[in-house]
Amino acid sequence: MASTVISPFALFSLPKTCQFRKKKPLGFVSKRAVSCKANSGKENKDESSSSLSGFDRRDVLLGLGSLYGATNLVADPFALAAPIFAPDLSQCGDANVPLRKSPGTNVSVHCCPPVSTNIIDFKPPRFTKTRTRKPAHLVSPDYVEKFQEAITRMKALDEKDPRSFTQQAKVHCAYCNSAYEQMGFPSQDLQVHNSWLFFPFHRLYLYFFERILGKLIDDPHFALPFWNWDHPDGMTIPDMYVDLDSPLYDAKRNPDHQPPVLVDLDYSSDKNLSRDDQIKANLCVMKSQMVQGTTTTTLFHGKEYRMGYSPDPGAGTIENGIHLSLHKWVGDPRQPLKEDMGNFYSAGYDPLFYAHHANLDRMWNLWKTELKVPHCDFKDTDWLDSSFLFYDENANLVRVRVGDCIDTKTLGYDYQQVELQWLDYECDPTPTTTGKAKNPLPATRNAFPILLDKLVRVDVPRMKKSRNVVGEEDGGEEVVILQDIQLDRDSSVKFDVCINVTDDKKPIAPGHSEFVGSFTNIPHGHHHHGSKLNTHLSLPISNALKALQLEDEAKVVVTLVPREGEGLVSVGNIKIGCIRD
Ligand code: C2O
């Protein structure tokens with residue numbers, strides 16, 4: 001069956017947001033920026049997405065989807081969109097994991113959970129005390145002992161118990177290597193990465209993992225630690241995970257990245273920077289991604305992914321950036337598929353995975369509360385009503401909605417506050433002399449698709465009306481959109497994206513004005529769609545345009561710099577658009 005052609009950037013082709021915005025008076029603070037009312041989606045329906053009022057859109061979709069398949073929805077995908085529903089566990093199939101060394105060959109991995117027909121709708125439990133997740137490098141010896149005990153007990157459970165460590169690890173494989181299909185759309189994989197499901201799925205996954213551990217040691221207040229890789233003191237693998245005798249240890253990690261080696265938040269290969277330089281570089285990656293790279297909700301969370309959509313519509317900045325860099329950095333290059341952390345099917349087998357994702361989950365909270373402009377989550381009911389299935393601490397199968405997890409306090413936990421050095425960090429100045437960026441190096445290519453076998457530069461026109469109105473405080477953002485990025489799912493790829501580079505010899509790094517972001521892939525399996533990944537990436541450029549004094553220019557020269565996997569990835573088109581949400 002042909003795959004769906006619902007365009008994930010249909011919204012970008014009508015740049016209605018930047019066009020009509022007027023300049024705001026100096027000192028204007030938009031209301032939208034300061035009122036992020038929590039919205040669980042239950043009472044407050046999003047008007048724009050309820051165009052089928054009077055119907056239950058789910059019924060319409062389920063009917064259409066199962067009768068005719070997704071392709072019939074192309075005519076008006078937005079009118080008929082609906083949330084991605086929790087999968088039918090009885091339809092779970094083996095995940096296919098492509099073998100890196102023998103292209104075209106796949107191994108089947110069984111990662112389906114036990115089936116239960118008794119599904120309970122999640123209700124946030126009552127609790128008396130908020131569980132505080134602490135930085136892994138700051139916890140007490142008593143805590144480490146308790147945590148180890150809990151993991152030991154989880155590993156000792158019968159493998160068939162859905163709460164056992166193996167089954168917990170398989171949860172990631174099943175949702176991330178496409179063992180499930182979308183309900184009513186058997187031709188479409190259910191994939192929680194590369195879309196707006198990334199943060200909520202992983203939040204809930206960790207929530208149940210934590211509750212199970214607490215139950216196993218009979219401590220309802222037990223909280224997971226977080227790997228505080230955004231703070232200089234947390235930039236190595238935390239000690240408790242590298243003790244050979246600990247249940248938190250995993251042998252399948254890169255042996256060259258053990259403490260005291262510092263993490264590289266922008267990893268593609270070892271750079272061997274001095275300690276100080278690595279810390280500076282990491283703080284600049286944090287600033288570039290968390291402060292400058294996530295100015296809108298879509299840039300943070302990733303693109304919309306509704307029922308019937310092809311998987312991988314596009315990841316948010318943090319998901320595609322720091323998140324994948326650290327998976328790669330920890331994974332073991334000696335293993336055939338860079339297990340454990342270097343491949344989605346195996347990542348959950350490394351206890352460090354949960355500490356890494358706890359810090360990513362913390363980033364979601366920080367993004368909403370700690371940045372200069374407070375950000376809001378989507379109010380779209382298709383996001384809020386998307387749902388997943390997890391086994392809880394009592395081994396009951398629970399259906400949880402995204403809307404159930406947008407506030408960690410209702411889930412009973414929070415994060416210890418830690419100094420955020422990256423928030424106001426001053427990165428080294430850009431190598432470009434002021435004003436020079438108006439005369440960049442010329443384009444080297446003018447036809448698409450572009451195979452990225454070497455550095456390429458492309459002219460990209462800007463939309464007329466967006467000039468001079470970008471970068472305002474109401475959240476509008478001009479973006480470079482890389483469309484139809486295609487690559488084999490099993491390839492490791494990274495390339496950087498810069499604008500108006502004036503000198504090829506001087507390396508441009510995160511924190512420099514010309515640098516606007518990167519694209520990263522780590523190997524992961526699939527079920528349908530052959531072995532190609534087709535995805536999209538939007539990178540904000542308002543800051544860069546301002547810093548380089550390019551606000552009035554009619555075009556920019558976009559440079560793509562391959563850093564890993566030269567010749568393995570192609571880009572279908574590059575456009576400039578504007579997004580507000
Ligand atoms: Cu589901 Cu870090 O990935």
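The values are calculated or read from the model by the stated rules, or taken from the named source; none is laboratory data. Here the structure is a predicted model, which means the values were calculated and not measured. With ideal geometry, Cβ positions are generated from the backbone for all residues, glycine too; neighbour counts draw on all protein chains shown.
Is it true that some residue in segment 281-297 is touching a helix residue (DSSP H, G or I) at 6+ places or on another chain (Cβ under 8 Å) and within 16 Å of the ligand (Cβ to nearest atom)?
Yes.
Would you call F209 among the hydrophobic types (A, V, I, L, M, F, W, C), under 15 Å from D361 (Cβ atoms), within 14 Å of the ligand (Cβ to nearest atom) and in contact with an Asp or Glu (Cβ under 9 Å, 6 or more places away or on another chain)?
no
Of all the residues that make up segment 362-386, how many are among the charged types (D, E, K, R) and over 14 Å from R401 (Cα atoms)?
The qualifying residues number 5.
Look at E159 and say whether it is surrounded by fewer than 21 Cβ atoms within 10 Å (Cβ to Cβ), in contact (Cβ under 8 Å) with a residue 60 or more places away in the chain and within 20 Å of G93 (Cβ to Cβ).
No, not satisfied.
In segment 386-402, which residues are of a type outside the set (A, V, I, L, M) and buried (at least 19 other Cβ atoms within 10 Å of the Cβ)?
S386, S387, F388, F390, Y391, D392, R401, listed by residue number.
I need the full set of residues from segment 537-581 which are touching a Ser or Thr at 6+ places or on another chain (Cβ under 6 Å) and over 26 Å from G435 (Cα atoms), in order please.
As a first pass, look at segment 537-581 and keep what is touching a Ser or Thr at 6+ places or on another chain (Cβ under 6 Å): 540, 544, 547-548, 563-565, 568, 578-581.
Scanning segment 537-581 gives R563, E564, G565, L568, I579, R580, D581.
If V144 passes every condition in (1) without any contact (Cβ under 8 Å) to a residue 24 or more places away in the chain; (2) in contact with a helix residue (DSSP H, G or I) (Cβ under 6 Å, 6 or more places away or on another chain); (3) part of a helix (DSSP H, G or I) but one, which one does it miss?
Exception for V144: condition (1).
Could you please let me know if V400 is in contact (Cβ under 8 Å) with a residue 24 or more places away in the chain and within 21 Å of R133 (Cβ to Cβ)?
yes
I need a count of the residues in segment 474-491 that are touching a strand residue (DSSP E or B) at 6+ places or on another chain (Cβ under 6 Å) and either without any contact (Cβ under 8 Å) to a residue 12 or more places away in the chain or farther than 15 Å from R462 by Cα (or both).
Residues meeting the conditions: 7.
For segment 148-173, which positions are among the β-branched types (V, I, T) and more than 16 Å from the ligand (Cβ to nearest atom)?
Step one: list which residues in segment 148-173 are among the β-branched types (V, I, T), which gives 151-152, 166, 171.
Correct list: I151, T152, T166.
Restricting attention to segment 129-141, and to residues there that are in a helix (DSSP H, G or I) and either at pLDDT below 95 or not aliphatic (A, V, I, L, M) (or both), which single residue is farthest from the ligand (Cβ to nearest atom)?
Only one residue tops the list, namely P141.
Here is a check on your reading of the model: is R253 at pLDDT 95 or above and away from the ligand (no atom under 14 Å from the Cβ)?
Considered against the rule, which asks whether it is at pLDDT 95 or above and away from the ligand (no atom under 14 Å from the Cβ), R253 comes out as yes.
Quick check on my filter: what residues within segment 315-337 are modelled with pLDDT of 95 or more, more than 13 Å from the ligand (Cβ to nearest atom) and in contact with a strand residue (DSSP E or B) (Cβ under 8 Å, 6 or more places away or on another chain)?
Of everything in segment 315-337, just one residue is modelled with pLDDT of 95 or more, more than 13 Å from the ligand (Cβ to nearest atom) and in contact with a strand residue (DSSP E or B) (Cβ under 8 Å, 6 or more places away or on another chain), namely T317.
Among all residue pairs at least 6 apart or on different chains, which show Cβ distances below 9 Å where the first residue, located in segment 166-179, is within 21 Å of S195 (Cβ to Cβ) and aliphatic (A, V, I, L, M) and the second is within 10 Å of the ligand (Cβ to nearest atom) and outside any helix (DSSP H, G or I)?
Within 9 Å, the pairs are V171/G348.
Matching residues to (1) within 28 Å of D484 (Cα to Cα); (2) aliphatic (A, V, I, L, M); (3) near the ligand (Cβ under 10 Å from one of its atoms):
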{"position": "E339", "(1), (2), (3)": "yes, no, no"}
{"position": "A347", "(1), (2), (3)": "yes, yes, yes"}
{"position": "L352", "(1), (2), (3)": "no, yes, no"}
{"position": "A358", "(1), (2), (3)": "no, yes, no"}
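Do we have any residue at all in segment 544-558 that's within 25 Å of S195 (Cβ to Cβ) and within 21 Å of the chain's Cα centre (by Cα)?
No, the conditions are met nowhere in segment 544-558.
Suppose we filter D243, D230 for residues that are part of a loop (DSSP other than H, G, I, E, B), closer than 22 Å to T132 by Cβ and not hydrophobic (A, V, I, L, M, F, W, C); which single one remains?
None of the others qualify; the one that does is D230.
Can we say L265 is aliphatic (A, V, I, L, M), touching a helix residue (DSSP H, G or I) at 6+ places or on another chain (Cβ under 7 Å) and in a loop (DSSP other than H, G, I, E, B)?
yes
Which of the residues belonging to segment 113-138 are of a type outside the set (S, T, Y) and more than 27 Å from the chain's Cα centre (by Cα)? Show your work before the answer.
Start the filter on segment 113-138 by keeping residues that are of a type outside the set (S, T, Y), which leaves 113-115, 118-127, 129, 131, 133-138.
If the condition is that a residue be of a type outside the set (S, T, Y) and more than 27 Å from the chain's Cα centre (by Cα), then P114, V115, N118, I119, I120, P125, R126, F127, K129 are the ones that fit.
When you go through (1) out of contact with any Leu (no Cβ under 6 Å at 6 or more places or on another chain); (2) modelled with pLDDT of 95 or more; (3) closer than 24 Å to L550 by Cα one by one for L423, which number turns out not to apply?
The single condition L423 does not satisfy is (3).
Could you list, in sequence order, all residues of segment 196-239 that are aliphatic (A, V, I, L, M) and either modelled with pLDDT under 95 or farther than 23 Å from K155 by Cβ (or both)?
L197, M235
Restricting attention to segment 180-187, does a residue exist that is within 23 Å of T298 (Cα to Cα) and within 11 Å of the ligand (Cβ to nearest atom)?
Checked against the condition, which is being within 23 Å of T298 (Cα to Cα) and within 11 Å of the ligand (Cβ to nearest atom), segment 180-187 yields no hits at all.
When you check R203 against the structure, is it under 30 Å from D312 (Cβ atoms), of a type in the set (K, R) and more than 13 Å from the ligand (Cβ to nearest atom), yes or no?
Values: under 30 Å from D312 (Cβ atoms): yes; of a type in the set (K, R): yes; more than 13 Å from the ligand (Cβ to nearest atom): no.
Considered against the rule, which asks whether it is under 30 Å from D312 (Cβ atoms), of a type in the set (K, R) and more than 13 Å from the ligand (Cβ to nearest atom), R203 comes out as no.
What strands (runs of 3 or more DSSP E) completely inside segment 394-513 contain at least 1 residues that are closer than 30 Å to R211 by Cβ? Before the answer, list the steps.
Numbers: elements: 397-401, 413-415, 456-461, 477-488, 493-499.
Filter on segment 394-513 gives 397-401, 413-415.
Please verify whether F390 is touching a strand residue (DSSP E or B) at 6+ places or on another chain (Cβ under 7 Å) and over 30 Å from T128 (Cβ atoms), treating the condition exactly as stated.
Taking the combined requirement at face value, the residue does not satisfy it.
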